[in-house]
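Just so it is clear, none of the values below were taken in a lab; they were calculated from the coordinates. Since the model is a prediction, treat every value here as computed from it, not as a measurement. All Cβ positions, glycine included, derive from the backbone under ideal geometry; neighbour counts span all protein chains shown.
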Amino acid sequence: MITVKNITKTYGRKQNAFVAIDNLSFQIPSRTTVAILGKSGSGKSTLMHAMSGLDRPEKGKVIIDGKDILTLKARDVDAFRANKMSFIFQSFFIQANESCFDNVSLPLEIAKVPRSKRRAKVEAALAAVELSDKKKSRARDLSGGQKQRLAIARAIVNEPEIIFADEPTGNLDSVTGEVVEDFLFQYARDKGATLIIVTHDPDLAGKCDARIEIQDGTISKMTGLPTKGKK
């Protein structure tokens, strides 16, 4: 369960202050697929960053597994993310000059998984996204769709309970994008993971169990989620 209570994030100061998200509250049950939907600048990516501890809102709580991650020290948040969460971004953020194997191995190193256990996990993750034959290839030599599948392999290698995907198909053609979407939803079903997708695409949002629609930093509509805890 992810419980978000009254989080507010403001950028700038005084007359230049801009409220990116304003007093948002909701709960996401475990094993739910959720779309955070909104236009560019609506605050949806800021919300994802706050929920995951990538950014710290000045007000509110984000409670995961009974812990308010916003009260943890930076290194404790990093450790929590390394073992519980993973991220997929529109721009891939892979290490272009590293091999596919080394890219996927990185989260395991961060999570301090023993070297003896890494190879099997990396190979399984690459196989899951049909990139076993590319494990020695440099990431920069992959196509756009392959790069995003590599990003997914890196995201799932440590079997996270929560995946945050920020416009994961935004740089892909429709056919390749659908393949990537299928991988994500299949992983969530198979592993019982919570999948949170930030998108402006209503078709992708429609595939999720629930939707949180953001407009000007506030929730304009919410469907498929419990109302408990929402102020």
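Every test in (1) over 21 Å from Ile197 (Cβ atoms); (2) among the small types (Gly, Ala, Ser); (3) within 18 Å of the chain's Cα centre (by Cα) is passed by Ala151 save one, and that test is (1). Take the residues in the stretch 94-123 that are in a helix (DSSP H, G or I) and of a type in the set (A, V, I, L, M); name whichever of them is surrounded by the most Cβ atoms within 10 Å (Cβ to Cβ). Out of the qualifying residues, it is Val104. The helices (runs of 4 or more DSSP H) located wholly in the stretch 143-231 that include 1 or more residues which are farther than 20 Å from Ser52 by Cα and in contact (Cβ under 8 Å) with a residue 60 or more places away in the chain occupy 144-156, 202-205. Ile196: surrounded by 19 or more Cβ atoms within 10 Å (Cβ to Cβ), β-branched (Val, Ile, Thr) and out of contact with any helix residue (DSSP H, G or I) (no Cβ under 6 Å at 6 or more places or on another chain), yes or no? In short, yes. When both residues are 6+ apart or on different chains and their Cβ atoms are under 6 Å apart, which pairs have a first residue that lies in the stretch 86-113 and is hydrophobic (A, V, I, L, M, F, W, C), and a second that is part of a loop (DSSP other than H, G, I, E, B) and surrounded by fewer than 16 Cβ atoms within 10 Å (Cβ to Cβ)? From the stretch 86-113, the pairs are Cys100/Ser137.
Pairs are defined by a Cβ separation below 9 Å, a sequence spacing of at least 6 or placement on different chains, a first member in the stretch 52-68 that is free of Cβ contacts under 8 Å to residues at least 24 places away in the same chain and in a helix (DSSP H, G or I), and a second member that is surrounded by fewer than 16 Cβ atoms within 10 Å (Cβ to Cβ) and of a type in the set (Lys, Arg); no pair meets this definition.
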